[in-house]
Amino acid sequence: MNALAHAAIDILKENDRGTYTVPTKGLYPFQWNWDSCLTALGQRHFDESRAWTEIETLLANQWPDGMVPHIVFHQPDDGYFPGPDIWATGRPVPTSGITQPAVAGFALRRLFEHAKDRAAAAKRVAALLPKVAAWHRWFYDTRDPAGEGLVAIIHPWESGRDNSIDWDRPFARVPTEGIAPYTRRDTQHADPEHRPTKEQYDRYLWLVEHFRGLGWDNRKLHDASPFRVVDPGFNAILIRSAADLAALAQEMGQFDIAGENQAFANRGVAAMERLWSDAHGQYLCYDRVAGELIDSRSIGGLLAAFAPIPTARAARIADTIAAQASRFGVASHAPDDPRFQAKRYWRGPAWLVVNYMIGDGLARAGLADAAEAITRTSLDLIRISGFAEYYDPHTGEPLGGGRFTWTAAMVLEFLAMEA
Ligand code: GLC
């Protein structure tokens, strides 16, 4: 095993809290939903059983209605805001009240396919399948009430791309007044210039307080939210997970789950066509409140390649990425857009997790060269700058938190692909 793999494993072990892994010490001291599922893919390279545990812990905190929350607050920690008292969701182990990209179905299939201990893996996956299926059902019930085939996010944090340029217009509808005074913690751990702005934070919190006022009742939240956006990246992850869950369920003899999830995936892929922009060579977000596409060339529309979209669309996305004017791809926003910011979180920097999912999708579409280019540029970033949270796509400068869990997990996956 090479030095890079050893370094990655050290980080995963250092951030391991026994049954879950924190994204990084200080900045993010709890369990995050999509971080954990992607982290398990790294853990499988050195401790398969521990990888299953990571996802089991997350799903043990699923809500009765099927939602899997974006944060599980396993133990108190003052280092993060907003903590459990602000969310006040009333869960036995406190959690936030919103969700995150549904990558669990994909992660389960990948873990299962590569598992060395087949018998143990079959047992563990069989128990997890119905839980992920319930989460997918929850999505289409509560976040697609009109049956459009695509789900909306109701808070930017749900997308996992907290301050993307995609949200600027729809987010402007969210008030900034009337929220309780608060102190941010993130800016004490990372450079404020590389984080969301104060105004964005006010709006994040306004939404949290609004949803809390509605008792976190998911039958009400979608229609009551002034922010309802259909994100192609978010939907692509859900669609891919539904397709993967369908394949897994078929193999395990859970045929109802297989049929239901294949139908979600088919409907989703067809509906994604409405988000395609030929002018931009990528998909766009759709503002469900205003009833219009959002003209913003973010990585959300490239991440769509993770879903089984038509091959011609995937090929066009590969061209769009190749044409990006940055040394280290994939930039989280088109570098030639005047709104692009090379160092500010999801408004420009490159993130390894998204690289990984795009690369996987392109490889599946038969675009091996494009996928390899992403693997290469991702490992270049690590070799030059270490295991950061995100990177300046022009200079490769490491940004945000350090010794970052999912970055390390993705490195193990990229190295396995390169081998
Ligand atoms: C930030 C990221 C989000 C991630 C979380 C923990 O909020 O935007 O995607 O899940 O940090 O790493």
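With the convex hull drawn around the C-alpha atoms of the chain, the volume per residue stands at 126 Å³.
Set the Cα radius of gyration of segment 355-409 against 2.2 N^0.38 Å, with N its number of residues, and you get 1.18.
Computed over neighbours whose Cβ is under 10 Å from that of L245, the net charge equals 0, Lys and Arg +1, Asp and Glu -1. Couplings for segment 232-240, taken from phi via the Karplus curve 6.51 cos²θ - 1.76 cosθ + 1.60 with θ = phi - 60°, read x, x, 4, 5, 4, 5, 5, 5, 4 Hz in order; Gly and Pro are left as x.
Distance distribution P(r), segment 228-288, all Cα-Cα pairs, bin width 10 angstrom from 0: 24, 43, 23, 10, 1 percent.
The accessible-area ordering, largest first, of the residues R195, R91 stands as R91, R195, per a 1.4 angstrom probe.
Shown is the FRET efficiency for K220 and A323, computed with R0 = 45 Å from the Cβ-Cβ distance and rounded to the nearest 0.05: 0.55. Taking the dipole about the Cα centre of the chain, with the C-beta of Lys and Arg at +1 and of Asp and Glu at -1, give me whichever of I321, V174, A363 is farthest to the positive side. It is A363, whose Cα lies furthest towards the positive end. Gyration tensor over the Cα atoms of segment 312-384: the corresponding equivalent ellipsoid has semi-axes (square roots of 5 times the eigenvalues, largest first) of 20, 15, 10 Å. On full extension, the segment bounded by R364 and R169 gains 66.8 nm, given 0.36 nm per residue less the C-alpha separation. By the rule of a C-alpha distance below 18 Å, with chain neighbours fewer than 8 residues away ignored, the lysines paired with K25 are K13. Rounded to the nearest whole angstrom, the semi-axes of the ellipsoid equivalent to segment 57-151, taken from the Cα gyration tensor as √(5λ), stand at 26, 20, 11, largest first. Given an 8 Å cut-off on Cα distances and at least 6 residues of separation, report the relative contact order of segment 3-306 as a percent. The value is 17 percent. Take the chain with all the other protein chains still there, run a 1.4 Å probe, and you get 35 Å² of accessible area per residue. Overall, the chain carries a charge dipole of about 320 debye about its Cα centre when +1 sits on the Cβ of Lys and Arg and -1 on the Cβ of Asp and Glu, all other atoms neutral. Modelled label positions at E209 and R383, each set 7 Å beyond Cα in the direction of Cβ, lie 5.0 nm from each other.
The values are calculated or read from the model by the stated rules, or taken from the named source; none is laboratory data. The shown structure was predicted, so the numbers you read here are calculated from the model rather than taken from an experiment. Counting neighbours? That spans all protein chains shown, and the Cβs are built from the backbone with ideal geometry, glycine included. Note: areas computed on protein heavy atoms with side chains; ligands, DNA, RNA excluded. Shrake-Rupley method; radii C 1.70, N 1.55, O 1.52, S 1.80 Å.
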